[in-house]
Amino acid sequence: MAEPRSEPILRVRGLVKHYPLTRGVLFRRQVGAVRAVDGVDFDLAGGETLGVVGESGCGKSTVARLLCSLERPTAGEIRYRGEDVATLSGRALKAVRRNIQMVFQDPYTSLNPRMTVGDIVGEPFEIHPEAAPKGDRRRRVRELLDVVGLNPEYVNRYPHQFSGGQRQRIGIARGLALRPEIIVADEPVSALDVSVQAQVINLMERLQDEFDLSYVFIAHDLSVVRHISDRVAVMYLGRVVETGTDEEIYDHATHPYTQALLSAVPAPDPEGRERRERIVLTGDVPSPADVPSGCRFRTRCFKARERCAREVPALAVPERFRGAGGPAAHDSACLFAEERRTPA
Ligand code: ADP
Ligand code: MG
């Protein structure tokens, strides 16, 4: 495997989160496991945006909570600047948490309606008092509001007095308060009107430059992350099935699942629109408590062959498809990825 030239800021390997599946009310017994995240690998380089995409239920929010240490993984590694976050506790864990902050999906439910905007944005300073002296917090909060494009005079207002887009700006200001290195944004625009989505994405891009941030930007749709991502990881049923640079994913996808997702996205150029055929996936996503053998996508794959039921495809392509140095330019967890590769 080609190793990146410089150490990524975040390196995720074999990440697993299983939830026990229980039956019975009086005598609860474990009858299985929900494999919410089932072996996820990816790297995040400093200053870049990794778009994470996949249908509802594929494990995106669970990955987000694991990255922010809101939950502990069942297995696997999350290395932040070389240190395995999953093994940390106490002050060391707190220090990492400070540097990896989350922006939540729904600005309508993630902001406490009884707290003023100033208290919401300043709350991280209560949890990490070392981040700002008490006498300076009020000023910092006003500054944060200004930075995300809200009037600092609004500090004493309540969330219900703001629109959806403004509320997400409040959530972003809170995420920025501790000056983190990484922001994990879990579908930050999914709950917003399409007209407001672009404004919030533009804001996040500006903040990325201004504060030198790295983003893990989660969405359920490839068209949302297209503009903001440097690289994209496509998830299916708890795993990354394809990952690569923007160009590789949007122009040379080799995994049938990615190809199906792409076929639903309007192509930016008229030529591409003609070339692209709509692929409609049949059947439902299997339950993460009952994952198919071999390739977990095979039950819905329009290109499945007999081998797919027997072999678990690894997230890799032959060496000759790799760019020199840097994170792998393109990895696909399909046994037949190689045959499907279109020339660059
Ligand atoms: P996504 O964000 O992609 O929609 P989630 O990470 O929320 O997916 O969920 C992945 C799977 O894990 C789903 O089947 C969901 O029901 C299950 N799941 C998530 N959190 C829990 C939990 N705390 N206990 C049990 N199952 C869970
Ligand atoms: Mg989710």
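The values are calculated or read from the model by the stated rules, or taken from the named source; none is laboratory data. Worth saying up front: this structure is predicted, and the values here are computed from it rather than measured. Note that we place each Cβ from the backbone using ideal geometry, even for glycine, and neighbour counts take in every protein chain shown. All accessible areas refer to the heavy atoms of the entire protein, side chains included, with ligands and DNA or RNA removed. Shrake-Rupley method; radii C 1.70, N 1.55, O 1.52, S 1.80 Å.
Across region 178-293 the C-alpha pair distances fall into 5 Å bins from zero in the proportions 2, 9, 18, 20, 19, 17, 9, 5, 2, 0 percent. Placing a label point 7 Å from the Cα of D290 along the Cα-to-Cβ line, no residue of region 25-59 has its backbone N under 11 Å from it. Here the extension length gained between R307 and D221 equals 28.0 nm, from 0.36 nm per residue of separation less the Cα-Cα distance.
Counting heavy atoms of the protein chains only and a 1.4 Å probe, report the per residue accessible area for the chain as a whole number of Å². Kindly include the intermediate steps, with their values, before the conclusion.
Values: 16530 Å² over 344 residues.
In whole numbers, the chain has 48 Å² accessible per residue.
By the compact-protein rule of thumb, 2.2 N^0.38 Å, the alpha-carbon radius of gyration of the chain corresponds to a ratio of 1.04.
For region 100-164, calculate the relative contact order in percent as a whole number, restricting contacts to Cα pairs under 8 Å that are 6 or more residues apart.
Numbers: 48 pairs, mean separation 28.9, N = 65.
Computed value for region 100-164: 45 percent relative contact order.
Comparing S214, S195, S110, which has the greatest mean-square fluctuation in the GNM of the chain with Cα pairs linked when under 10 Å apart? Comparing S214, S195, S110 in a Gaussian network model of the chain, the most mobile one is S195.
Extension gain for the segment D209 to E71, taken as residue separation times 0.36 nm less the Cα-Cα distance, is 46.8 nm to one decimal.
Candidate cross-link partners of K60 among the lysines, defined by an alpha-carbon separation under 30 Å and a same-chain spacing of 8 or more, comprise K17, K94, K303. Normalised by 2.2 N^0.38 Å, with N the number of residues, the alpha-carbon radius of gyration of region 1-143 equals 1.27. Using Cα atoms only, what is the angle between the long axis of helix 90-99 and the major principal axis of the chain, expressed in degrees (0 to 90) to the nearest 10? The answer is roughly 80 degrees. Stretched out straight at 0.36 nm per residue, the stretch from H160 to E339 would grow longer than its current Cα-Cα span by 59.1 nm. Note on V265 and L26: with the Förster distance fixed at 45 Å, the Cβ-Cβ geometry gives a FRET efficiency of about 0.35. Per-residue surface analysis assigns I279 an accessible area of about 40 Å², computed on protein heavy atoms at 1.4 Å probe radius. With K and R counted +1 and D and E -1, the other residues having a Cβ less than 14 Å from that of S110 yield a net charge of +1.
Normalised by 2.2 N^0.38 Å, where N is the number of residues, the alpha-carbon radius of gyration of region 120-210 equals 1.07. For a modelled paramagnetic label at T109, 7 Å from Cα along Cα-to-Cβ, the residues of region 173-194 in reach, with backbone nitrogen under 16 Å, are 186-192. Extending 7 Å from the Cα toward the beta-carbon at both N99 and D119 defines two label points whose distance is 3.2 nm. Computed with every protein chain present, the accessible area of D251 is close to 90 Å² [probe 1.4 Å]. Helical runs assigned H by DSSP (4 residues or longer) give the chain a calculated mean residue ellipticity at 222 nm of -8500 deg cm²/dmol, each run adding -39500 (n - 2.57) before division by the residue total. Taking every C-alpha pair closer than 8 Å and separated by at least 6 residues, the mean separation divided by the residue count of the chain gives a relative contact order of 21 percent. Taking D136, D221, D193, D186 and ordering them by how much accessible surface each has at a 1.4 Å probe, largest first, produces D193, D221, D136, D186.
Modelled this way, with points 7 Å down the Cα-to-C-beta line, the labels at I127 and Q199 are 2.7 nm from one another. Between the Cα long axis of helix 164-176 and the first principal axis of the chain there is an angle of about 80°, rounded to the nearest 10. When the residues E126, E338 are ordered by accessible surface, computed with a 1.4 Å probe over the protein chains alone, the sequence from largest down reads E126, E338.
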